[in-house]
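S.K.: Dumping the structure here so I can ask a few things about it.
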Amino acid sequence: MTSDEVVLPVDMKAAKKLRDGYPLLHKELFDPSRHLLKEGTLLRLEDERGRFIARGYFGKQNKGLGWVLTQEEAEPINLAFFTGKLKAALARRSDLYRSTHTTAFRVFNGEGDGIGGLTIDYYDGFYVLTWYSEGIYSFRGPIIEALTNVASYQGIYQKKRFATDGKYVDDKDFVCGQEGEFPLYVKENEMLFAVYLDDGPMTGIFLDQRDVRKQIRDKYARDKRVLNTFSYTGAFSVAAALGGAKQTTSVDLANRSQPRTEEQFLINDIQVEDERIVVMDVFRYFAYARKKELRYDLVILDPPSFARSKKRTFTAAKDYTNLLRDAISVTAKHGVIVASTNASTFDRKKFKRFVAEAFKAEKCSYTIREEYGLPEDFKTSSSYPEGNYLKVLFIERT
Ligand code: SAH
C-alpha cells in the first residue's frame, strides 16, 4: 500500500461485483464521512477480511463517486500506468488512424478503456480530453504527459465537465502543442464536418453517431423527404443530402444552428437554397407540419436527454413517447423514424416500450428494421453495460 492511499472496506456483495470487473464506485460504498475525501484520492478497496480487491480513485460524478483503476495489487497509479492504458487504447484504433476517409473518432472511452471519468477524441491531428470529475482532472499531469508520449499531435485541447465550488470552470481549452485554426474540417466516411475545439463543451459533431449517419446516407435517404429534429449543426441532414434526399428540413431552436448547418452544407457542396433550416421549438414545428399536412419519409429524432426551453422541459425518460407520437403524425406510410437517445436512465427494452406505446396510441403499425448502439471506438466494458448509453432504432411505419 502506498502512503497516500485511503482504505475503503466494502461488504461481500460489493466485493464480488468489483472482483467481477464492475468499475464504478457507487455512492453506497462510502459512508457519509467519506464524502469529505479529497477529489483524486487513491482508494484501496478491501473486503471484510482486509484482502485487496482493487485500487481506484475518488471523483464525484452524477453516476458515482469514482472508478476502479486496477485489480492488480502491485500496480501503482503513475505515469507508466497511464501510458500503458493510452498506448493500448490507441493501438485498438489503429484501423481508424490509418483510414483516409475518417479523420475524427474517439481514442479513449472512459471505463471501457480502463479509466472512468476521462474520454479523449481525435480530430485530424488534434486531441480533445474531457474530464468528468475534479478527481480525474487531478491526474492531468501524468495523463497529458502519457498522451504526448504515445501520440503524435498538432495540438491538445481539453473540456472540463465538472463543477468546482458549484460553478463550471470554463478556462481556456487549449493545453499544449500548436493552437488550431477553427473551423477545422474533419472527415467521416468521406463527409466533411466543420468543428470548433475551442468553443464551449460541444465541438459541432457527435462522434458516436458515425455508423448511423453512414447508414442514413447509404440506405435510407435516396429520394426521401427528410425531417431532422434537434438538428444542432445538421450532421444528419448532411448525411441525408449526400445520400440523395429529395429535401432535408433541419429543426433546432438554437439560433446558432442556422449558420452552423449552412456551413456544413457548404463544405459538402450541397446547395443550401435547396434545403430548409428552421430555427424553432420542434414541438411547435410538429404542430405546424400537421396543420400544413406536411409528410416526411424519414424523420430523425435525436433529442438531448434533458432540455429546457421557454415553454417546457423535455426529459427523454418521461417524454419520448409523446415525441414519437408527434413524429408518427408527420411520417408517411412506409416512412422510417430514426429514434435515438443517449439517456442512460433507461435501457433499450424500455425504449422499445416507448415505441410500442406511441404506435399504439397513434393506431399505427410498425417494424423495427435495425438497431444501433455505440460504434466500436466508443469501447465499453462488458462488466458495465450501462456505459453503452446510445440506443438507435430504425422504425418503419407499416
Ligand atoms: N442530433 C444532433 C445533436 C443534437 S444536440 C446531431 O446529430 O448532431 C441537441 C440539440 O437539441 C441542441 O442543438 C439544442 O439546441 C436542441 N434542442 C433542445 N431542445 C429543443 C427543442 N425543444 N426544440 C428544438 N431544438 C431543441
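The values are calculated or read from the model by the stated rules, or taken from the named source; none is laboratory data. In this text the structure is predicted, and so the values were computed from the model without any measurement. We place every Cβ from the backbone using ideal geometry, glycine too, and count neighbours over all the protein chains shown.
S.K.: Considering segment 190-215 alone, what residues qualify as being of a type outside the set (D, E, K, R), more than 9 Å from the ligand (Cβ to nearest atom) and either out of contact with any strand residue (DSSP E or B) (no Cβ under 7 Å at 6 or more places or on another chain) or in a loop (DSSP other than H, G, I, E, B) (or both)?
M.R.: The answer is Met191, Tyr196, Leu197, Gly200, Pro201, Thr203, Gln215.
S.K.: Another question about this same structure. Answer yes or no: is there a residue in segment 326-336 that is among the hydroxyl-bearing types (Ser, Thr, Tyr), more than 16 Å from the ligand (Cβ to nearest atom) and farther than 30 Å from Ala89 by Cβ. Before you say what the answer is, go through the steps one by one.
M.R.: First pass over segment 326-336, keeping only residues among the hydroxyl-bearing types (Ser, Thr, Tyr): 329, 331.
Pick out the ones that are also more than 16 Å from the ligand (Cβ to nearest atom) and you get 329, 331.
Now narrow it down to the ones that are farther than 30 Å from Ala89 by Cβ: 329, 331.
Yes, because at least one residue in segment 326-336 is among the hydroxyl-bearing types (Ser, Thr, Tyr), more than 16 Å from the ligand (Cβ to nearest atom) and farther than 30 Å from Ala89 by Cβ.
S.K.: Something else now. Cβ contacts < 7 Å: first residue outside the structural domain of Tyr22 (by TED's automatic domain parsing), restricted to segment 368-382; second residue basic (Lys, Arg) and at pLDDT 95 or above, any location; separation 6+ or different chain. Result?
M.R.: Gly373/Lys391; Pro375/Arg210; Asp377/Arg93; Asp377/Arg106; Phe378/Arg106; Lys379/Arg92
S.K.: Among (1) exposed (fewer than 13 other Cβ atoms within 10 Å of the Cβ); (2) in a loop (DSSP other than H, G, I, E, B), which single condition is Lys349 missing?
M.R.: In the conditions (1) exposed (fewer than 13 other Cβ atoms within 10 Å of the Cβ); (2) in a loop (DSSP other than H, G, I, E, B), Lys349 misses (2) alone.
S.K.: From the residues in segment 227-247 that are over 24 Å from the mean Cα position of the chain (by Cα) and closer than 18 Å to Val330 by Cα, which one is farthest from the ligand (Cβ to nearest atom)?
M.R.: Selected residue: Lys246.
Okay, residues lined up against (1) at pLDDT below 95; (2) over 30 Å from Phe346 (Cα atoms); (3) over 28 Å from the mean Cα position of the chain (by Cα):
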residue: Ser33; (1), (2), (3): yes, yes, yes
residue: Leu36; (1), (2), (3): yes, yes, yes
residue: Arg51; (1), (2), (3): no, yes, yes
residue: Lys63; (1), (2), (3): yes, no, no
residue: Val68; (1), (2), (3): no, no, no
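S.K.: Okay, moving on. If I filter segment 287-306 down to residues being among the aromatic types (Phe, Trp, Tyr) and touching a Ser or Thr at 6+ places or on another chain (Cβ under 7 Å), which single residue comes out as modelled with the lowest pLDDT?
M.R.: Filtering first and then ranking leaves Phe306.
S.K.: Also, I was wondering about something else. Thr315 passes all but one of (1) of a type outside the set (Phe, Trp, Tyr); (2) out of contact with any strand residue (DSSP E or B) (no Cβ under 7 Å at 6 or more places or on another chain); (3) free of Cβ contacts under 8 Å to residues at least 60 places away in the same chain; (4) farther than 20 Å from Arg225 by Cα; which number fails?
M.R.: Condition (2) is where Thr315 drops out.
S.K.: Within segment 252-316, considering only strands (runs of 3 or more DSSP E) that don't extend past its boundaries, which have at least 1 residues that are more than 10 Å from the ligand (Cβ to nearest atom) and under 23 Å from the mean Cα position of the chain (by Cα)?
M.R.: The strands (runs of 3 or more DSSP E) meeting that bar are 296-301, 313-315.
S.K.: For segment 78-112, what are the residues that are closer than 16 Å to Trp131 by Cβ and over 18 Å from the mean Cα position of the chain (by Cα)?
M.R.: Across segment 78-112, the qualifying residues are Phe82, Lys85, Leu86.
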